[in-house]
Every structure is written in C-alpha cells, then in structure tokens.
1. How far, in nm, would the chain grow between Phe385 and Arg34 when pulled straight, counting 0.36 nm per residue and subtracting the alpha carbon separation?
2. Work out the charge dipole of the chain with +1 on the Cβ of Lys and Arg and -1 on the Cβ of Asp and Glu about the Cα centre, then indicate which of Ala114, Leu240, Gly387 is farthest towards its positive end.
3. Looking at segment 124-270, what % of its DSSP beta bridges pair antiparallel, to the nearest 5?
4. For helix 175-186, report the angle its Cα long axis makes with the longest principal axis of the Cα atoms of the chain; keep it between 0 and 90° and round to the nearest 10°.
5. For a quick check of understanding: with a 1.4 angstrom probe and all protein chains in place, what accessible area in square angstrom does Glu179 have, to the nearest ten?
6. Using a Förster distance of 41 angstrom, determine the FRET efficiency expected from the C-beta separation of Glu261 and Asp318, and round it to 0.05.
7. What does the C-alpha gyration tensor say about the overall shape of segment 1-136? Classify as rounded when a/c is under 1.5, otherwise prolate if a/b is larger than b/c, or oblate.
8. What is the chain by shape, rounded, prolate or oblate, if you read a ≥ b ≥ c off the alpha carbon gyration tensor as root eigenvalues and call it rounded for a/c under 1.5, prolate for a/b larger than b/c, and oblate otherwise?
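The values are calculated or read from the model by the stated rules, or taken from the named source; none is laboratory data. Keep in mind that what you see is a predicted model, and the values were worked out from it rather than measured. Because the Cβ atoms are built from the backbone with ideal geometry, glycine has one as well, and the counts that use them run over all protein chains shown. Surface accessibility is based on the protein's heavy atoms, side chains included, excluding ligands, DNA and RNA. Shrake-Rupley method; radii C 1.70, N 1.55, O 1.52, S 1.80 Å.
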Amino acid sequence: MTQSDRSAGDSSVPHVVIVGGGFGGLMAALSLRRAPVRLTLIDRSNHHLFQPLLYQVATAALSPAQIAAPIRHILARQTNCTVWMAEAVRLDAARRRLVLTDGELPYDYVILAAGATHSYFGHDEWAPHAPGLKTVDDAVDIRQRLLLAFERAERLPDPEAQRPYLTFVVVGGGPTGVEMAGAISEIAFETARRDFRQIDRAGARVILVEALDRLLAGFPESLARRAERDLTKLGVEVRLRSRVTGIDARTVTITTTTGAETIPTRNVLWAAGVQASPLGATLGAPLDRNGKVLVEPDLSVPGRPDIFVIGDLAHVEDPRTGKPVPAVAPAALQMGRHVARIIAAEAGRAPRGHTVRPGFRYRDKGLLATIGRKRAVASLGPFHFAGFPAWILWCIAHILFLITFRQKVLVMVEWIWSYVTFAGGARLITGGARRPEPDKRQG
Ligand SMILES: Cc1cc2nc3c(=O)[nH]c(=O)nc-3n(C[C@H](O)[C@H](O)[C@H](O)COP(=O)(O)OP(=O)(O)OC[C@H]3O[C@@H](n4cnc5c(N)ncnc54)[C@H](O)[C@@H]3O)c2cc1C
C-alpha cells in the first residue's frame, strides 16, 4: 500500500482533497470540520500566511512568525483532517487523482485553492533585480535587500555614490505598491535619519510607478487621489501613466509618452502583475488571461462537479455587478465556505451531486489600504473615508483577521510599541543570500 492509498483509505465517507492552506483552502477545511468527509489538505509550505501584512515583514515592522502559523497547528484539533506538506503538480481528472511531485492522491472531491503569484509581463529576466512579494521568503529577502542598501550607503562618504542605494523604486500602484512605498518612505526619511550617521537623507528617493492614470484601481477615484496626496506628503514621488520598460542590477527605465528615463538604483520592488497558479492550466478548462480558471456559478469546473476552484485561482463573475469577483482575502474565505457547504450537503446524502447547487454570491466587505504609519483609505459600501480614522479601522480589521490569538496579541503590542517609539520591530539582516554587490568606491 502506498502512502497516498493509506491517507485516502477505503472508507464509506468521501475523501476531499484540498490544495492550498491559504485563505480559501483553510476556510474550506475548517468549514468541513463536522461534515461526514475525510479531508487531506496539501500545501507546499507548512504555514498559513496572512498576506495582507506581508509588506510589514518586508519593511521590517513585523517578524514572519507574527503573520504566519503552521497549518498543522491550526488544524490540530480537527480529527477528520490530515495535513501534508507536499507539492501538487497536476490533476488527473479522468482517474480522479491529484498528482504530487512525490506520489498521487485519490479523491472524491478536490478543491484547488493554490492562489496566484506575481508576473513580470513576459520579462522574467527582471525577477532577480525586482523581487515580488508573495511568500515569507520573498518578504525576508526584500527586508534584507532594503536594510543592506542602507548599510552600504552608510559606508559611502560621497552623497552621489550613496544615491543608487537610497533610491527605492516600487513598480505597481495597487494596494501592495502603495503600502510598500509608504512604509519605505518612513524608513528612508525617518528611521535612517535616526539610526545612521553618514546617510544623506536629502538624497533618498522613493518612487512609485503606475501605468494607469491613478493609484489603487479597485478603489473609488476620490480615495485614489487622497492616497496620492498622502504619499506625496510622505516624500514619495508618484509617477502615473508611466511604465517600467527595463530593469537590471543597477538601473530601472521608466517610459512615459514624453520619453524614457533611466534611474540608477539598487532597489526595485515588484508589486505589479498577477499570474494564477499553473495548476489551473492542468485542468484543461478555459482560463482567463491571468491563467485563472473560468468556473461555473457553484465554483466547480465545467463538466466536472467533483472539482472546485476557489480564491485567487478562480475567475468567477459577480452576478450583481457583472464584474469578476476581486482577488482579495474575503472573497477566498467566502468561496471556501461556499464549496464546503455544497460538499457537506452532498456527502450527507446519497447518491451525491444530484440536486441543484447554489451559486456563489460575493459579499463585498469593502477595501482598505494603509499609507505610512498613521494614514489609510477605506471604502466600505457607500462610505469612503481616509486619514487616521481609516488607519484605526485598518489596524482593527487586520488584527481581527489574524489566524491565531497569539498573533493578534503580538501584532497589536508591536504596533502600539512602534507607534509610540517609531522603532521598527524586526530590522534584522539574516542569512547570506542575494546580497547586493558592494559599490567599488565603498570605503
Ligand atoms: C502582498 C499581498 C498583499 C495583499 N493584501 C491584501 C489585503 O490587504 N486585503 C485583501 O483582502 N487581500 C490582500 N491580498 C490578496 C489575498 O492575500 C489573496 O486574495 C488571498 O490570499 C487568496 O487566497 P487563496 O486561498 O486563493 O490563495 P493563497 O492565500 O495565496 O494560498 C495559496 C496556498 O496554496 C499553496 N500552494 C500553491 N501552489 C501549490 C502547489 N502546487 N502545491 C501545494 N500547495 C500550493 C501556497 O503555498 C499557499 O499556501 C494580498 C496579497 C498579497 C500577495
């Protein structure tokens, strides 16, 4: 008997395999805790990650353990669920098997919740010079690059030589880009002034590049303009209608209708472009241009009622707006709950799958984005507001949604501490990977 056969077992209750322990997959698993099913949750990492606060790890405000928790620990008390740290490579729908890098897993139902990652719009050669933010490793890598840039600059006596190390270019004016730019500006203009002696603070630049004519495309126009103003006040140069057309180890090229500018910089961060997990393409189902699977209203794959796709990997239209449901955490959570309800109902009934399934209805909980350490923008239905009240709401919402009680307490204490003291929580340079080359003129 193989390992996979042992996990699947031979039982009268259906075996549900979930790929991904992110927001969607984890919620599906938790919602099936009382259902007459056996669950196996597969994730290639051992932790659930609260991605909305990832930028705070990248900018050294929080430590990884404050926003990530072992999936095994979260599901420890759920006796109908087995957790495997494993990587899924494709689905063999005809044989009803999930193919892993090191085995196979039979299923009665499968829920694909493998999410998405960043895309470089066909310029994968930019990736080593412009890291994106998706995993804990990405955040720690970015944190290391940012902190090392300041360390390098501190040792260069000439402000001109310091400049490329103190120039930070964030590509993409969505929520992640806006949040990254705001947080970096505070490090560059406040923290650096206090902690470093030689750094020429006047030489620091934070540039946010966006191809559209506004930031925060999903937000109302008024909040986008407010975010732009608040970032400008923090010292960020917001470049709208600008496209990045070249990135290498020492420069970034920004192109507008009036021409191209090449800026020397050692710090380019990528917050643009999304590509769905390649697992979606192995289904043979229709995909959208970002590789998301075009699912039925019940979130199953056309012609395959035993395969569900949820979260960032699913393209589903909101029947009320006619627009695609946005790739945000609340949507993934709601989709996880929705498919769990369908499976629980069908598992408790024989034969399975013969009734009409309900369609997924997205409940829009609103949008929030923070700008620096005490400003945010909030769009909650008809209510749009900004500034400190929005920031307080942002803090409360994020603390409430953190997965463990320990994390809620730790993050709250960390935020209060850094609000009062201006001290970033985790400014540690660790490991040795991908350190920027020291400048030849370095002392
Ligand atoms: C930097 C950043 C900031 C964000 N900020 C916000 C925000 O402020 N508010 C908001 O609502 N949303 C935010 N989002 C979006 C939100 O995090 C996603 O919409 C949500 O995580 C999608 O959930 P998911 O379950 O589909 O995928 P994910 O949460 O990405 O989970 C996917 C899981 O699948 C696993 N996996 C992937 N491929 C495989 C494989 N082949 N085999 C096994 N396991 C696999 C991954 O390890 C991961 O654990 C942000 C996203 C990012 C990256």
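1. 122.3 nm
2. The listed residue farthest towards the positive side: Gly387.
3. Here the share of antiparallel DSSP bridges comes out near 40 percent.
4. 30 degrees
5. Taking all protein chains as shown, Glu179 has close to 20 Å².
6. 0.55
7. In terms of gyration-tensor shape, oblate.
8. prolate
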